[in-house]
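Here the structure is laid out as structure tokens; the discussion comes afterwards.
The values are calculated or read from the model by the stated rules, or taken from the named source; none is laboratory data. Source: prediction; values computed, not measured. Positions of Cβ are generated from backbone atoms using ideal geometry, with glycine treated the same way; all protein chains shown enter the neighbour counts. What goes into the accessible areas is simple: the full protein's heavy atoms, side chains included, and nothing from ligands, DNA or RNA. Shrake-Rupley method; radii C 1.70, N 1.55, O 1.52, S 1.80 Å.
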Amino acid sequence: IVNFTLNFVLEGFEGGLETQALLFAVFLALYMVTVLGNLLMIIVITLDARLHSPMYFFLKNLSFVDLCYSSVIAPKALANFFSSSKVITFAGCAMQFSFLSLLGTTEAFLLGVMAYDRFMAICNPLRYPITMCQSACTRLVLGAYCGGCFNSVVQTRFTFHLPFCSSNRINHFFCDVVPLLKLSCGNTAINELLLFGICGLIIVSVTFVILISYGYIIATILRMGSGAGRSKIFSTCGSHMTAVTLFFGTAFFMYAQPRAIESMEQGKVVSVFYTLVIPMLNPLIYSVRNKDVKEALRRLGQKHTAT
């Protein structure tokens, strides 16, 4: 029986008032940069006609997902640093958890779609305009969101139908699956199997797509005679591979290996990385290492100055 009247307590990080103040400042800075960086990417890609291509369409969606992902966690975490109760309702916890599952899974699929897009652009340039037409790109993005919805519904359904009768204190700063499983007084074997199975399948399958895509991309680059062409491709693909490595490295540590259930203290630190640091770094990675985005930012700045 689901206890909708239950309230959870998000214990967050240990430490006195000074530690909480320092963590508040760090979280606030990370969140502000995340919001500004991802909003800027969305605005630039939307306003600059030269960036209306499949690659930047996917990048805009990635920025939107990152913005929402951090916004699901950061405001509540910031409020709890100086709160004496740190309470979150059962419904609020379930909602936060479901959105995290939805957005995290969607981001994983989007990174795979972006790798496939680069594969088509570099290895099959003649077929690229037809294969990656606007309708195809829209279907790929919708597919990523549908995959996220499926994982979210399954994980939320099985997690929040567990009995929570021993304690209501979540050893984390947000409602994540691992601390919730540790909190349950029921049998969590099926939940752990689903966690490792579905998340492991998503990570492995998307990683496989990315590795195959980049295997072909590298082979194509090595056959190219133009040094300038190689440099531009390496710059674009290097940005994507950096984002992929950061995201899937932390996702594997948290959800796709059996010891994840035991490593809660390390898990908190890693969670800060993938919920706040990576969404903050993604727009920086794609703007600093991307000539087209830098030029678009310069043009936007010139228009703003002229007006």
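Between Ser84 and Val204, the simple spin-label model (points 7 angstrom out along Cα→Cβ) gives 5.1 nm. Summarising the label geometry, the points placed 7 Å from Cα in the beta-carbon direction at Arg169 and Cys146 lie 4.5 nm from one another.
Solvent exposure of the range 19-64 amounts to 48 Å² per residue of accessible area, where only protein heavy atoms count and the probe is 1.4 Å. Cα centroid separation, the range 144-197 to the range 84-101: 12 Å. With an a/c value of 1.5 or above and a/b larger than b/c for the gyration tensor axes a ≥ b ≥ c computed over the alpha-carbon atoms, the chain is described as prolate.
Working from label points 7 Å from Cα in the Cα-to-Cβ sense, the Thr242 to Val9 distance is 4.3 nm. With helices as the sole contributors, the chain gives -26000 deg cm²/dmol at 222 nm; each DSSP H run of n ≥ 4 counts as -39500 (n - 2.57), and the sum is divided by every residue.
Under 24 Å of direct C-alpha separation, and excluding same-chain neighbours fewer than eight residues apart, Lys294 reaches these lysines: Lys60, Lys232, Lys303. When peptides 11-18, 242-249, 182-189 are ranked by their average number of other Cβ atoms within 10 Å per residue, the highest-first order is 242-249, 182-189, 11-18.
Projected onto its three principal axes, the C-alpha set of the range 29-147 covers 61, 28, 19 Å, listed from the longest axis down. Between Leu78, Phe247, Cys137, the Cα set farthest toward the positive side of the dipole of the chain (charges on each charged residue's Cβ, about the Cα centre) is that of Cys137. Under a model in which nothing but the beta-carbon of Lys, Arg (+1) and Asp, Glu (-1) is charged, the chain shows a dipole of about 1020 debye around its Cα centre.
Evaluating 6.51 cos²θ - 1.76 cosθ + 1.60 at θ = phi - 60° for every residue in the range 37-54, the Karplus couplings come out as x, 6, 4, 5, 4, 4, 5, 4, 5, 5, 7, 8, 4, 6, 9, 8, 10, x Hz, glycine and proline recorded as x.
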